Amino acid sequence: MSNSESESCKPNHKIVIPEKILKNNKIEANAKIFLGELIYFFKSNEFFHIPNEFFSNLYEVDEKTIERWSDSLVNENILKIINFEQEEAIKILKEKIPQKFTCDLNFDNNFCNWCKCHSYLLHKHHHPIRKKYGGIKTIDICANCHQEFHFLCDYRKFKILWEMIC
Ligand SMILES: [Zn+2]
Ligand SMILES: [Zn+2]
């Protein structure tokens, strides 16, 4: 999130801390407030990445503290860590409706191997073996698929376990 966004949501937004959480004395007070914040920002998301830098600016604590709060909510079964295997992520990306240009520019030979969209801006992604595992071969994929792949597979993502807090 940008600085202007963090400035605009600093004052005056109201958070809700569910009663079950308030009464759980295994969770420190700040982590309870933090959970209220996650509910405020992400309640409609199936899963989400916690931008530690954003929250560390919001609360004026270091990023390790944000991680500690997240971990304590995971330990209490309130947040669940979500991650995708490479094959699952690629399956999701292959099911997208590819973007299409209606102008005359000819992108025909530049297409994304996963979503099949045409684009001038193709990225090289190490596949089938990830670079971090020593892969050398690459495939061409679009910038969106590339970002989304790394989001699905590499970012630490969470899901709120509503049944544990309501
Ligand atoms: Zn793509
Ligand atoms: Zn990549």
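The values are calculated or read from the model by the stated rules, or taken from the named source; none is laboratory data. Everything quoted here is computed from the prediction, not taken from an experiment. All Cβ positions, glycine included, derive from the backbone under ideal geometry; neighbour counts span all protein chains shown.
Observations
- Boolean, residue 45 is away from ligand 2 (no atom under 16 Å from the Cβ) and under 13 Å from residue 158 (Cβ atoms): yes
- Of all residue pairs spaced 6 or more apart or on separate chains, those with beta-carbon atoms under 7 Å, a first member in region 114-128 that is under 18 Å from residue 150 (Cα atoms) and in contact (Cβ under 8 Å) with a residue 24 or more places away in the chain and a second member that is part of a loop (DSSP other than H, G, I, E, B) and more than 16 Å from ligand 2 (Cβ to nearest atom) are 115/96; 115/98.
- Candidate set: region 83-102, residues that are in contact with a helix residue (DSSP H, G or I) (Cβ under 8 Å, 6 or more places away or on another chain) and β-branched (Val, Ile, Thr); chosen: the one nearest to ligand 2 (Cβ to nearest atom): 90
- Tallying residues that are surrounded by fewer than 13 Cβ atoms within 10 Å (Cβ to Cβ) and at pLDDT 90 or above within region 97-115 yields 1.
- Look at region 71-87: where a residue is within 14 Å of residue 161 (Cα to Cα) and a partner is surrounded by 13 or more Cβ atoms within 10 Å (Cβ to Cβ) and aromatic (Phe, Trp, Tyr), sitting 6+ places away or on another chain with Cβ atoms under 6 Å, you get 79/158; 82/47.
- Of the strands (runs of 3 or more DSSP E) lying entirely inside region 103-165, those containing at least 3 residues that are away from ligand 2 (no atom under 16 Å from the Cβ) and out of contact with any Pro (no Cβ under 6 Å at 6 or more places or on another chain) span 157-160.
- Residue check for residue 61: assigned to a loop (DSSP other than H, G, I, E, B) and at pLDDT 95 or above: yes
- Count - residues of region 76-96 that are surrounded by 11 or more Cβ atoms within 10 Å (Cβ to Cβ) and either part of a helix (DSSP H, G or I) or aromatic (Phe, Trp, Tyr) (or both): 9
- Listed conditions (1) polar (S, T, N, Q); (2) at pLDDT 95 or above; (3) not assigned by TED's automatic domain parsing to the domain that holds residue 138 are all met by residue 44, apart from (2).
- Scan of region 30-50 for residues that are among the β-branched types (Val, Ile, Thr) and not in a helix (DSSP H, G or I), ordered by number: 50
- Hits in region 128-147 (condition: of a type outside the set (A, V, I, L, M) and more than 16 Å from ligand 1 (Cβ to nearest atom)): 128, 130, 131, 132, 133, 134, 135, 137
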